[in-house]
1. Pick out the one residue from Tyr181, Tyr201 that is outside any helix (DSSP H, G or I) and surrounded by 10 or more Cβ atoms within 10 Å (Cβ to Cβ).
2. Only one of Glu230, Glu206 is part of a loop (DSSP other than H, G, I, E, B) and of a type outside the set (A, V, I, L, M, F, W, C). Can you tell me which?
3. Which count do you get for residues in the range 188-227 that are of a type in the set (A, V, I, L, M) and within 18 Å of the chain's Cα centre (by Cα)?
4. What is the number of the single condition among (1) under 30 Å from Asp135 (Cα atoms); (2) outside any loop (DSSP other than H, G, I, E, B); (3) over 19 Å from the mean Cα position of the chain (by Cα) that Leu39 does not meet?
5. Of (1) under 14 Å from Gly84 (Cβ atoms); (2) outside any loop (DSSP other than H, G, I, E, B), Glu196 satisfies all except one. Which?
6. Confirm whether Ser68 is within 18 Å of Val30 (Cβ to Cβ), out of contact with any helix residue (DSSP H, G or I) (no Cβ under 7 Å at 6 or more places or on another chain) and hydroxyl-bearing (Ser, Thr, Tyr).
7. Please go through the range 122-138 and give me each residue that is aliphatic (A, V, I, L, M) and touching a Phe, Trp or Tyr at 6+ places or on another chain (Cβ under 6 Å), ordered by number.
Amino acid sequence: MGKTRILLINGSPRKYGSTAKLAAIAMKGVKDAGGEPSLVFLYDYRIKECIGCVSDDPRICRFPCIISDDDFNDIGRRVLESDGFIILSPVYWYNVTGVLKNFIDRLTSMENMIYHTGRSMLEGKVAGFIAVGNDVGGLHAIAYLMAVMNSMGVHIPPWALAYSHDKEDVLNDEQAVRDAYNVGYIVASAARVLREVKEWYQPVPELSPLRKAALEFIGQYAGEKRKRLELLRALLSSTRSGDS
């Protein structure tokens, strides 16, 4: 079994900035966990906007994406070849940069493979997140990233986030430096453990047994519902009497 491969996706236009500094620290964490990090700067590539094929017909949206005159599919293959990835971004008005948002929207082509093969191509990957800004918004950006990635089938392990609001050199932010290292270490460690499991979400074609189990479960509390309704009627009756 080879090394655990972790791809760092930097959505910053500044290769020398705070996001890049924390990327370097996260890569050290990946290496210390026995992983093999690689880094891509999205601003080195052309990532076109998503054109919403899935809204016209889910069968059109698939990977490789039908938009073939930009670099998304090439970077997407690097994502698929990795066991996990770390998304990094400066904070642009409480969220990620535009080029990173375009990239995330285009990942729909991988998630939407559910309609073609029954599985998101991102299912089982592990992800971590790093956001940097000289104002609030880092945690908001990370919350957005976590929600989207988990909705695409991606694992998010404990402590898989780092952010800084420090207006000075981010390397002086001790917590951010420590957290960035751990994002790398934890994502690599989790990916190594989880990469053997390929399927997580269960389609459950027959829902009737689940609905029956739910109704049987709440049936034991039918008496509580009756008592609550009786109490509500008594309160309403009392209120009406007081108004008259």
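1. Tyr201
2. Values: Glu230 fails: part of a loop (DSSP other than H, G, I, E, B).
Being part of a loop (DSSP other than H, G, I, E, B) and of a type outside the set (A, V, I, L, M, F, W, C) holds for just one of Glu230, Glu206, which is Glu206.
3. Step one: filter the range 188-227 for residues of a type in the set (A, V, I, L, M), giving 188, 190-191, 193-194, 197, 204, 207, 210, 213-215, 218, 222.
Still in the running and within 18 Å of the chain's Cα centre (by Cα): 188, 190-191, 194.
So the answer is 4.
4. The one condition Leu39 does not meet is (3).
5. Condition not satisfied by Glu196: (2).
6. Details: within 18 Å of Val30 (Cβ to Cβ): no; out of contact with any helix residue (DSSP H, G or I) (no Cβ under 7 Å at 6 or more places or on another chain): yes; hydroxyl-bearing (Ser, Thr, Tyr): yes.
No: the conditions fail for Ser68.
7. Let us first name the residues in the range 122-138 that are aliphatic (A, V, I, L, M), namely 122, 126-127, 130-132, 136.
Within the range 122-138, Ala127, Ala131 qualify.
So that you can scan it fast, the table gives a plain yes or no per residue for (1) of a type outside the set (Ser, Thr, Tyr); (2) assigned by TED's automatic domain parsing to the domain that holds Gly124; (3) without any contact (Cβ under 8 Å) to a residue 40 or more places away in the chain:
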position	(1), (2), (3)
Gly153	yes, yes, no
Pro157	yes, yes, yes
Arg178	yes, yes, yes
Asn182	yes, yes, no
Gln202	yes, no, yes
Ala214	yes, no, yes
Ala234	yes, no, yes
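The values are calculated or read from the model by the stated rules, or taken from the named source; none is laboratory data. The structure presented is a predicted model; accordingly, all values stated were derived computationally and were not measured. Please note: Cβ atoms are built from the backbone with ideal geometry, for glycine as well, and neighbour counts cover all protein chains shown.
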